[in-house]
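Asks: Here it is, the structure in full.
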Amino acid sequence: MQHLKKTDPQIYKLVKQEEKRQKEVLEMIASENYASSAVIEALGTVLTNKYSEGFPGKRYYQGNANIDDIESLAQSRAQKLFGVPYVNVQALSGAPANSAVYFAVLKNGEKLMGLALTSGGHITHGHKLGLSGRLFTFAHYTLGRDGTLDYDEIEKQVLKEKPALLICGYTAYPRKINFKRFGDIADKAGCYLMADVSHITGLIVSGVHPSPVPYAHIITTTTHKTLRGPRGALILVTAKGLKKNPDLPKNIETAIIPGLQGGPHDNQTAAIAVALKEAATPKFKKYGEQIVVNAKALAEGLRSYGFELVSGGTDNHLILIDLRNKKVNGRIAAIALEKAGIVLNYNGVPGDNMPPLYSSGIRLGTPAITTRGLKERDMKRVATWYNDAIAEVEGMELPAEDKVKRSELMKKYRVEIAKNRKLAAIGKEVKAFASKFPLP
Ligand code: DSN
């Protein structure tokens with residue numbers, strides 16, 4: 001980065017600081033990962049200079065011979081990896097990918113139905129302030145009492161609501177999804193089924209989570225979570241999707257441009273192609289397997305310390321902890337854990353009565369620490385750090401309604417956490433431990 005250092009020392013310094021931070025912590029945000037050096041190199045190339053509105057072989061700008069080859073390669077690698085007849089690689093990230101699908105299959109005002117945000121659904125799966133909620137109507141299904149999907153209940157709700165598009169795939173769901181059952185429900189309701197597998201793509205291509213390909217019409221995924229690529233997204237049309245509507249690929253392309261975007265980010269497309277090549281290797285399959293082995297070992301360790309895990313455990317890469325029995329607010333816990341060198345996000349849990357900014361749980365995941373090389377034997381130690389750090393903030397609860405009191409308490413707790421010596425000591429231990437595991 002010698003040019004960056006010379007031209008813009010401020011940005012250079014901040015990038016170096018961020019690199020150091022990423023090395024010294026346990027990165028446990030379930031949706032984050034460390035991309036390979038090859039992926040990062042592809043991102044930082046001259047491809048960023050090019051405009052290429054359109055698609056391979058039909059561009060609106062000249063000079064796209066190499067870009068056509070790069071995009072075609074990314075498409076064919078994804079088609080092969082997932083086993084689908086059509087892939088679009090141009091959506092800039094997950095939200096635009098989902099929006100493109102809505103534009104492609106729904107008329108304005110038609111209904112889509114996904115899991116409620118409070119149950120682990122995503123903001124793009126029907127939220128009154130998002131595009132899905134502003135241009136379309138939406139309905140939600142929720143989790144059963146045990147924190148898992150109750151398929152009989154979902155079927156009833158779908159048949160009652162009659163959506164034009166049913167969505168499965170989540171941001172905070174720790175269990176396997178029965179895509180076959182969702183396919184049957186969608187068929188019975190006569191609607192499209194979209195699976196947003198952003199969180200679990202890497203697990204699907206590794207064979208440790210069932211694939212939605214035989215059952216869904218359309219699949220969307222980001223490329224930077226368990227797939228370990230650059231930020232970006234894929235939209236896949238399955239054989240079942242083509243059978244229902246042979247125009248789906250054309251409609252998705254029109255939804256991308258002129259519907260939502262202009263020129264694709266060709267450097268990002270190249271980096272996606274690299275990530276797809278990496279994901280097709282036996283090494284990646286082992287990586288996917290280890291993510292789940294680590295998550296299960298960590299869940300076991302956390303449970304042994306009395307942590308309440310939503311659904312009782314995990315089948316995939318993530319764990320959702322309901323902290324109400326520990327008498328600590330989720331946001332406070334996340335701040336304390338960051339001080340202790342463990343980075344994750346606070347998250348709503350089923351039945352949460354707290355507002356989203358002060359939710360009662362934390363969500364954590366093993367994709368990034370597994371990339372660093374941590375194994376199941378390390379999880380016991382990690383669970384102990386969680387327990388020790390949370391013990392320091394036990395009792396730090398926040399009121400659900402009284403905003404003034406909540407803000408006063410937040411201020412007070414922040415100061416106490418910043419001064420807490422035990423948390424700082426755990427942070428030092430974690431730093432020494434994490435630094436032994438190199439970044440890719
Ligand atoms: N922000 C991603 C996540 O953390 O799950 C999804 O949008």
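Asks: So which of 321, 369, 342 is of a type in the set (Val, Ile, Thr), surrounded by 24 or more Cβ atoms within 10 Å (Cβ to Cβ) and farther than 30 Å from residue 408 by Cα?
Replies: Of 321, 369, 342, the one residue that is of a type in the set (Val, Ile, Thr), surrounded by 24 or more Cβ atoms within 10 Å (Cβ to Cβ) and farther than 30 Å from residue 408 by Cα is 369.
Asks: Within the stretch 380-392, identify whether any single residue is assigned to a loop (DSSP other than H, G, I, E, B), away from the ligand (no atom under 16 Å from the Cβ) and within 28 Å of the chain's Cα centre (by Cα), and answer yes or no.
Replies: no
Asks: Could I ask something else about it? Suppose we filter the stretch 214-225 for residues that are farther than 25 Å from residue 372 by Cβ and either open to solvent by 10 Å² or more (accessible area, probe 1.4 Å) or not small (Gly, Ala, Ser) (or both); how many remain?
Replies: Total meeting the criteria: 6.
Asks: Within the set of pairs 6 or more residues apart or between chains, which connect a residue that is small (Gly, Ala, Ser) inside the stretch 51-64 to a residue that is open to solvent by less than 60 Å² (accessible area, probe 1.4 Å) and assigned to a strand (DSSP E or B) with Cβ atoms less than 6 Å apart?
Replies: Partner pairs satisfying both residue conditions: 52/59.
Asks: Does the stretch 226-244 hold any residues that are assigned to a loop (DSSP other than H, G, I, E, B) and either among the hydroxyl-bearing types (Ser, Thr, Tyr) or open to solvent by less than 30 Å² (accessible area, probe 1.4 Å) (or both), and which are they?
Replies: If the condition is that a residue be assigned to a loop (DSSP other than H, G, I, E, B) and either among the hydroxyl-bearing types (Ser, Thr, Tyr) or open to solvent by less than 30 Å² (accessible area, probe 1.4 Å) (or both), then 226, 227, 229, 230, 232, 238 are the ones that fit.
Asks: Mind counting the residues in the stretch 158-184 that are hydrophobic (A, V, I, L, M, F, W, C), within 23 Å of residue 145 (Cα to Cα) and surrounded by fewer than 23 Cβ atoms within 10 Å (Cβ to Cβ)?
Replies: Of the residues in the stretch 158-184, 3 are hydrophobic (A, V, I, L, M, F, W, C), within 23 Å of residue 145 (Cα to Cα) and surrounded by fewer than 23 Cβ atoms within 10 Å (Cβ to Cβ).
Conditions tested, residue by residue: (1) within 16 Å of the ligand (Cβ to nearest atom); (2) modelled with pLDDT under 95; (3) closer than 13 Å to residue 87 by Cβ.
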| site | (1), (2), (3) |
| --- | --- |
| 190 | no, no, no |
| 203 | yes, no, no |
| 211 | no, no, no |
| 216 | no, no, no |
| 228 | yes, no, no |
| 234 | yes, no, yes |
| 237 | no, no, yes |
| 246 | no, no, no |
| 249 | no, no, yes |
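Asks: Shifting gears a bit: Conditions: (1) within 16 Å of the ligand (Cβ to nearest atom); (2) within 12 Å of residue 116 (Cα to Cα). Residue 149 meets all but one. Number of the miss?
Replies: The one condition residue 149 does not meet is (1).
Asks: Give the residues of the stretch 16-34 that are away from the ligand (no atom under 16 Å from the Cβ) and either touching a helix residue (DSSP H, G or I) at 6+ places or on another chain (Cβ under 7 Å) or in contact (Cβ under 8 Å) with a residue 24 or more places away in the chain (or both), sorted by residue number.
Replies: Result: 19, 22, 23, 24, 25, 26.
Asks: Kindly list the number of the only condition in (1) open to solvent by less than 10 Å² (accessible area, probe 1.4 Å); (2) away from the ligand (no atom under 16 Å from the Cβ); (3) small (Gly, Ala, Ser); (4) more than 18 Å from residue 420 (Cβ to Cβ) that fails for residue 336.
Replies: (4)
Asks: Then there is this: Out of 97, 78, report the one residue that is away from the ligand (no atom under 16 Å from the Cβ) and open to solvent by less than 10 Å² (accessible area, probe 1.4 Å).
Replies: Step by step, each of 97, 78 is checked, and only 78 is away from the ligand (no atom under 16 Å from the Cβ) and open to solvent by less than 10 Å² (accessible area, probe 1.4 Å).
Asks: What helices (runs of 4 or more DSSP H), lying completely within the stretch 8-110, carry at least 1 residues that are out of contact with any Pro (no Cβ under 6 Å at 6 or more places or on another chain) and over 30 Å from residue 213 (Cβ atoms)?
Replies: 9-24, 37-43, 65-82
Asks: Take residue 409 and tell me if it is more than 20 Å from residue 294 (Cα to Cα) and either at pLDDT 95 or above or not in a helix (DSSP H, G or I) (or both).
Replies: yes
Asks: Just the residues that are open to solvent by 60 Å² or more (accessible area, probe 1.4 Å) and within 14 Å of the ligand (Cβ to nearest atom), please, taken from the stretch 113-130.
Replies: 117, 123
Asks: Among the numbered criteria (1) more than 16 Å from residue 314 (Cβ to Cβ); (2) open to solvent by less than 40 Å² (accessible area, probe 1.4 Å), which one does residue 375 miss?
Replies: (2)
Asks: For the stretch 120-129, does any single residue satisfy the condition of being more than 20 Å from residue 244 (Cα to Cα) and either at pLDDT 95 or above or more than 18 Å from the chain's Cα centre (by Cα) (or both)?
Replies: Yes, the conditions are met somewhere in the stretch 120-129.
Asks: Could I ask something else about it? Pairs needed: first member in the stretch 147-174, on the phi > 0 side of the Ramachandran plot; second member anywhere, among the basic types (Lys, Arg) and at pLDDT 95 or above; C-beta distance under 9 Å; at least 6 residues apart or different chains.
Replies: Once the first residue is on the phi > 0 side of the Ramachandran plot and sits in the stretch 147-174, its partners that are among the basic types (Lys, Arg) and at pLDDT 95 or above give 147/175; 162/111.
Asks: Let me ask you something else. Can you tell me which of (1) outside any loop (DSSP other than H, G, I, E, B); (2) touching a residue at least 40 places away in the same chain (Cβ under 8 Å); (3) among the small types (Gly, Ala, Ser) is the one residue 400 doesn't meet?
Replies: (1)
The values are calculated or read from the model by the stated rules, or taken from the named source; none is laboratory data. Since the model is a prediction, treat every value here as computed from it, not as a measurement. Heads up, the Cβs are rebuilt from the backbone with ideal geometry, glycines too, and the neighbour counts pull from every protein chain shown. Accessible surface is based on the protein model in full, side chains and every heavy atom, while ligands, DNA and RNA are left aside. Shrake-Rupley method; radii C 1.70, N 1.55, O 1.52, S 1.80 Å.
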